[in-house]
Amino acid sequence: MPTHEAETLTSSAETLDDGVRRAEPFVWLSAAAVVTAVLLLAGLVVLLAGNSLRFFWPQPVVFLNASSVGQAGLLGVVLRRETPRDSIQEQLLVLRGGQEFFSSPVEWISAQDIQSEERPRHAVTIERVDRGRLYGFLDALDVRGERISLAALPPEEALRLFLAALERSTSMSADQLRYRLRLSTGQIVERPVASVSSLHFANAMSWSEKAIYFLQAIGRFLTESPRQSNVEGGVLTAIVGTVMLVLLMTIVVAPLGVTAAIYLNEYARGGPVTRLVRIAVNNLAGVPSIVYGVFGLGFFVYAIGGSLDSVFFADRLPAPTLGTPGLLWASLTMALLTLPVVIVSTEEGLVRVPRTLREGSLALGATRAETVWRVVLPSALPAVLTGLILAIARATGEVAPLILVGVAKYAPGLPISAEFPYVHFDRQFMHLGFYIYDLGFQSPQLETVEGLVFATALLLVGIVLMLNLSAVILRGRLREAFSVEEGFR
Amino acid sequence: MSQYSINVRALKRAPNRDAESSACLRVENLNLRYLRSQSDALHNISLAIPRKRVTAFIGPSGCGKSSLLRCFNRMNDLIEDCRISGQVYLESEDIYGPRVDVAALRRRVGMVFQNPNPFPKSVYENVAFGLRIQGINKKRVLDEEIEKALRAAALWDEVKDRMGSNALTLSGGQQQRLVIARAIAVQPEVLLLDEPASSLDPISTLRIEELIYELKTRYSIVIVTHNMQQAARVSDMTAFMNLGRLVEFGETDTLFTNPKESQTEDYITGRYG
């Protein structure tokens, strides 16, 4: 037989088949799958980041002289340049702001109509508390009837004066402190200074000034509440709503899921009933989330909330107190939705705890409960955390069931407040995911809010990524602390 | 290896005859069956484990010696398809009686397993575990008891400066002595050792054997071992088991030098499998 062995090992005639076998095609296949997944994720993040960072970065204000818009020209920010499929002419989408003066805050212009394009240094962008942006040229400030002309001043000087006026605006009535702005049409408008939230001369800004503005814009995005039916301001309300929802959900799902997993793995006998329960739990993870929403509405909101109303708040009926969508019911619905994830991953962790550890504890006179609490659960903690984080990540991004059980397009108040009872379980709340859906797909003027939608999406993806990352790090630390595999065995 | 064994033999010869010789554990007509297998794992076992002596169970793999050992602290309760009949008495109390607190029984009958199984906690917390279970949480008491147990397990000098470090960073032999310290910290009456040295190197094995010798002044010890030399070195009494039956049980010296049964002789002379 040695001759035969020598023959197969040193075969000189290499066929294509041999080559493929040696190259291990499955390695390439699996590597390709990984690369595809990574590229898709990276592409998503880059797309979101690019679009939302552009939204915060001050864009140049252009003055377009175009035959189609008449003599006066058009002042605004070019949002997009594209060539429609049925035309060879490039089209420009310009945001001109001032929705009360123009028929639409955005305007399409054909590139061939443009006679000149310039970036005037003294063009100002005014962001107002309400009614969107204004683009124009500062003319003057009226302080108690006295007029200070700004038209001839350099942008830096005009900005300094205006900001000083803005600071004083809180102590004066709106009529006493007004500003005059010349629009691109030549029309001069007069408005109270107090209605301005911020202003900048985008074309006169240095790179560092733009960077500061960029950071401030991000700060405003994160810390301000939405205004003007969500198209202005920040997303603070939605962030708080999302966090509160996830927090309450975690408080409910963690003990419930972990104890259920403990029962299934530590106490239940491995009979057909246990197996059936386990299969049912696994299948629950695959139920469409909107079904949970419908269940939450029917069971939590109408059945439980409704009957609580008829017992405790009968005097207020028919106006519902608890029998209406709100934070509590949404949290419970999400807890139900994420329960299978927590149970399954906790059970996986429990299974991996070696039997010898349990026996060691029991042999020392510990009861089963003491063994679970002091030995098994600490060792399974990394898996429990993994399950919880997966649940949190899922709940953060879930929208469909929330539409039915408590999310609001616009919630005037936060679900938390400084006065009793601090957390308002019955209130409706805003949610980042729903905010994206509502703003991006239900808004009449998508062009003006596109940046906001991208920024919110980036924020949401960032939150989920951060949660997952923190879980990985935390789990790594715990594995070190509770490693059972390590050591001399 | 030989010089160590001579050493242990010398130790062993210093007899412990003054210890009370009555039985601490008594087994009567014990049968054990795993429902999935056809035959009994233990068949009609009756024997008495003497107090404050070392009793060794020897026999080929699968003869039921570990199953028998696990009957003494009801560890077999954890195996769902295990059925036991007959009686086991701990100081004249039937441990399979109707109102027995199994946790309390296991506090009185400690056990050390084949592979070291320290908890993934600090050295200190490992030894403190059994005490904390009993509600002892005063640091002063714990410190004292832990030091006592670690000294008794001949581990104190090696770990006194690293009480806070994870027990899994200790060597295998140290881990096994830690597990013994953990078991004796709760002051059991009987100590069951299930092949305590089978996963250890010769030097660690020797230390465990020396430890067993020292511990028998305070505890009744039952040890299961594959290693006949080990049984001869450390035990006062030896039980030879085969195929779920107790073949012979007697003084170690007699059993090894002058076995009554031919099966025993075959096994200890190596003619068996």
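Readers should treat all values here as calculations from the given coordinates under stated rules, not as data from a laboratory. What you see is a predicted model; the values in this text were computed from it and never measured. We place every Cβ from the backbone using ideal geometry, glycine too, and count neighbours over all the protein chains shown.
Pairs meeting the criteria (first residue in segment A:369-382 and in contact (Cβ under 8 Å) with a residue 24 or more places away in the chain and facing chain B (nearest Cβ under 7 Å), second residue hydrophobic (A, V, I, L, M, F, W, C) and in a helix (DSSP H, G or I), beta carbons under 7 Å, at least 6 apart or on different chains) are A:S379/A:L357; A:S379/A:F482.
Here segment B:149-179 is the region considered, the condition is being part of a loop (DSSP other than H, G, I, E, B) and of a type in the set (A, V, I, L, M), and the residue that is nearest to the other protein chains (Cβ to nearest Cβ) is B:L170.
From the list A:G406, A:G387, A:G451, the lone residue that is more than 14 Å from chain B (Cβ to nearest Cβ), buried (at least 18 other Cβ atoms within 10 Å of the Cβ) and on the phi > 0 side of the Ramachandran plot is A:G406. Within the option set A:S331, A:S345, A:S307, being without any contact (Cβ under 8 Å) to a residue 60 or more places away in the chain, part of a helix (DSSP H, G or I) and over 30 Å from B:E80 (Cβ atoms) holds for one residue only, A:S307.
For the condition in contact (Cβ under 8 Å) with a residue 60 or more places away in the chain, within 14 Å of chain A (Cβ to nearest Cβ) and of a type outside the set (K, R), B:N137 does not qualify. The residue list B:L215, B:L168 contains one member that is within 16 Å of B:V54 (Cα to Cα) and crowded, with 20+ Cβ neighbours inside 10 Å, which is B:L215. Which one is farthest from A:V62 (Cα to Cα) among residues in segment A:198-209 that are in contact with a strand residue (DSSP E or B) (Cβ under 9 Å, 6 or more places away or on another chain), buried (at least 17 other Cβ atoms within 10 Å of the Cβ) and not aromatic (F, W, Y)? Out of the qualifying residues, it is A:L199. In a residue-by-residue description of segment B:241-255, the property of being part of a helix (DSSP H, G or I) and surrounded by fewer than 21 Cβ atoms within 10 Å (Cβ to Cβ) applies to at least one position. Here's a check for you: in segment B:113-133, which residue that is within 8 Å of another protein chain (Cβ to nearest Cβ) and within 15 Å of the chain's Cα centre (by Cα) is nearest to B:D77 (Cα to Cα)? In this case the residue turns out to be B:F113. Only residues that are on the phi < 0 side of the Ramachandran plot and out of contact with any helix residue (DSSP H, G or I) (no Cβ under 9 Å at 6 or more places or on another chain) were counted in segment B:227-249, giving 1.
The set of residues in segment A:348-368 being surrounded by 22 or more Cβ atoms within 10 Å (Cβ to Cβ), part of a loop (DSSP other than H, G, I, E, B) and within 8 Å of chain B (Cβ to nearest Cβ) consists of A:L364, A:G365, A:A366.
Restricting segment B:70-129 to residues that are touching a Ser or Thr at 6+ places or on another chain (Cβ under 8 Å) and part of a loop (DSSP other than H, G, I, E, B), which is surrounded by the most Cβ atoms within 10 Å (Cβ to Cβ)? Among those that are touching a Ser or Thr at 6+ places or on another chain (Cβ under 8 Å) and part of a loop (DSSP other than H, G, I, E, B), it is B:P116. Of everything in segment B:74-99 that is without any contact (Cβ under 8 Å) to a residue 40 or more places away in the chain and within 13 Å of chain A (Cβ to nearest Cβ), the residue that is farthest from the chain's Cα centre (by Cα) is B:E80.
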